[in-house]
Amino acid sequence: MAGTEDLQGVLKGQKVAYFSMEIGIKSEIPTYAGGLGVLAGDTIRSAADLKIPLVAVTLVSNKGYFRQALDASGNQTENKEEWEPSRFMTPLPKEVSVNIQGREVRIRAWLYNCKSLTGGCVPIILLDTDVEGNSEEDRGITDFLYGGDYHYRLKQEIVLGIGGVRMLDALGFKVRKYHMNEGHSCLLALELLNRNGLDVTGVKDLCIFTTHTPVEAGHDKFDYGLVEELLTERGDMEVLKRFGGADRLNLSLFALNLSNYVNGVTKRHSHISQEIFPGYKIQAITNGVHSYTWTSPFFRELYDRYLPGWANEPELLVRVGGIPDDEVWTAHRKAKKALIDEVNRQTGAGMDYETLTIGFARRMTEYKRSTLIFSDLERLRKVNRRGKIQLIFAGKAHPKDEAGKALIREIFRYIEELKGEMKIVFLENYDMDMAALMVSGVDLWLNTPHRPYEASGTSGMKAAHNGVVNFSVLDGWWIEGWIEGVTGWSIGPQTEENLTEEECKTCEINDLYNKLYYIIVPMYYDRKDEWLKLINNSIGMVAYYFNSHRMMRRYVTHAYL
Ligand SMILES: *Cc1c(COP(=O)(O)O)cnc(C)c1O
């Protein structure tokens, strides 16, 4: 039967089962929405390189997240991004079922093998409810990533958590640990409890939970009325309330109560999580990115020549100083040309290769504050008179995030307003390929989140792998990566400074313009040797540490073993 041979090789030995609602495999497989999914993909890629015995579980999301279209005013429309799993994956010969709203929902699965050049391989199991015999409604449960309402979301989480455990079992995987990447998959712990006769200690020993949410309101909660309606199979309300909260089912709390190892994704984020959930022990494993994936072909070639083995041992990047400066500069110029050519092809903006180019691309949502750089247009103009700058933006807003969509329109208005003075573009339909092009092709990577909402952030780590310098608010990973003027620059106050919201924002805006005007622009145009030092340090002091190989070794020694 189809799939059986593909499965033989990956079934060997005990595995860590890594559950994630989204996984960024590649642009052609649109089963991710942003950083969480790309991190899951990088986790899997590093595990494959390092031969860590992992199996990943997600939903097939075969109508994708969405394809973004923007009109001339920046109004976003969302088109479904249907893709054909059979082009990339093998159907597996097993079916399992879960009971939802009193109906038996059958689940099948696809297998995608993430293979490494080292010979390692991580199987990804993608659950799919588009099975004959299921009702029309149930066939659509695994269609859209983060689609629909709470009702739809909870059904997806039942399929992912409970269905996922059953599928691994049916396929013959021997699982030694269950790792929940964010709370979406926490119903897996309910399934484990039911199997183990409610032996909480036993279940806790099996579970690992990584939280990604730094604010109380960000933790998904479901009304028990809804839970009772949908979770009709061994849905023991007593158990759910005991571990998930008395009023509403708090997924993070449920996962937290049933995991022996819990971590946040940066040091700062673990401290904040500790405050949200007092009494729990929340460790820190700082995120990283997959070095090879996020390094441009131009720097790959350079690293291959001077630092052979770097891709599987990114620590070797510490020796970037041994690469002649002119070769580093040439690699950066080539990456910049690739981006600028693509920008001009898509937009006709006529950007050039010499101008200091600033990039900003991430999900368009309020806390990321994508318009902070436009806070004071006069000061921005002043910067641009000191030395020309050009700006490249990209990012999708969630279909229901009206504030996020308004941000895109706002950026379009600034583009219009500054026309003729400054070249600014907003690229349509941000995805992994565009991210790779942008984080390698700009000179400066801008990040202006509202603290402490950025639990980690990872795009700046990708930039560092390409010698692109970070200019960022001190939140998430940058608190750990930042050395002023050495690895990049900060925007706004340090963590321990006690300022009001208003004071903080003033400080951020002042830093943003002052550092551009007095430090960044002059250095870029007049002191290339100093800029090259920052490029070198981004690679040798930032990328060498903020990579997912280091991160996965930590997960192995601290959480998995
Ligand atoms: C890396 C990446 C992100 C995450 O970016 P942040 O800076 O962490 O917000 C989001 N989307 C895509 C496509 C990415 O590649």
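What follows draws every value from the coordinates through simple rules; no lab data is involved. Keep in mind that what you see is a predicted model, and the values were worked out from it rather than measured. Neighbour counts run over all protein chains shown; Cβ positions are idealised from the backbone, glycine included.
Some points to look at:
- Cross-link reach is defined here as a Cα-Cα straight distance under 16 Å, omitting same-chain residues fewer than 8 places apart; for LYS267 the aspartates and glutamates meeting it are GLU275, GLU454, ASP475, GLU480, GLU496.
- Within straight-line cross-link reach of LYS177, lysines at Cα separation under 23 Å, skipping those fewer than 8 residues along the same chain: LYS12, LYS15, LYS51, LYS94, LYS115, LYS204, LYS281
- Relative to the longest principal axis of the Cα atoms of the chain, the long axis of helix 432-441 makes an angle of roughly 30 degrees.
- Between helix 528-537 and the chain: long-axis angle, C-alpha atoms, 0 to 90°, nearest 10: 20
- Listed peptides 426-437, 334-345 by packing density, highest first (mean Cβ within 10 Å): 426-437, 334-345
- Between the helical axis of 297-306 and the longest alpha-carbon principal axis of the chain there is an angle of about 90 degrees.
- Inter-centroid distance (Cα atoms) of the range 166-216 relative to the range 262-325, Å: 26
- Using C-alpha pairs under 8 Å with a sequence gap of at least 6, the mean separation divided by the residue count of the range 24-98 gives a relative contact order of 26 percent.
- Nearest-0.05 FRET efficiency for LYS174 and LYS281, computed from C-beta distance (R0 30 Å): 0.60
- Inter-part distance, the range 111-165 to the range 442-490, computed on C-alpha centroids, equals 33 Å.
- In percent, rounded to a whole number, the relative contact order of the range 346-452 is 43, using alpha-carbon pairs under 8 Å and six or more apart.
- Pairwise centroid distance, computed over Cα atoms, of the range 221-252 with the range 517-540, Å: 54
- Bridgeable lysines around LYS528 (alpha carbons under 21 Å apart, same-chain partners fewer than 8 residues away excluded): LYS334, LYS336, LYS337, LYS388, LYS515.
- Cα Rg, Dmax (largest Cα-Cα span) when computed across the range 300-545, Å: 17.3, 50
- Contact order relative to length of the range 149-202, as percent, for alpha carbon pairs under 8 angstrom and 6 or more apart: 42
- Modelled FRET efficiency - R0 25 Å, THR330 with LYS533, Cβ distances, 0.05 increments: 0.90
- By the compact-protein rule of thumb, 2.2 N^0.38 Å, the alpha-carbon radius of gyration of the chain corresponds to a ratio of 0.96.
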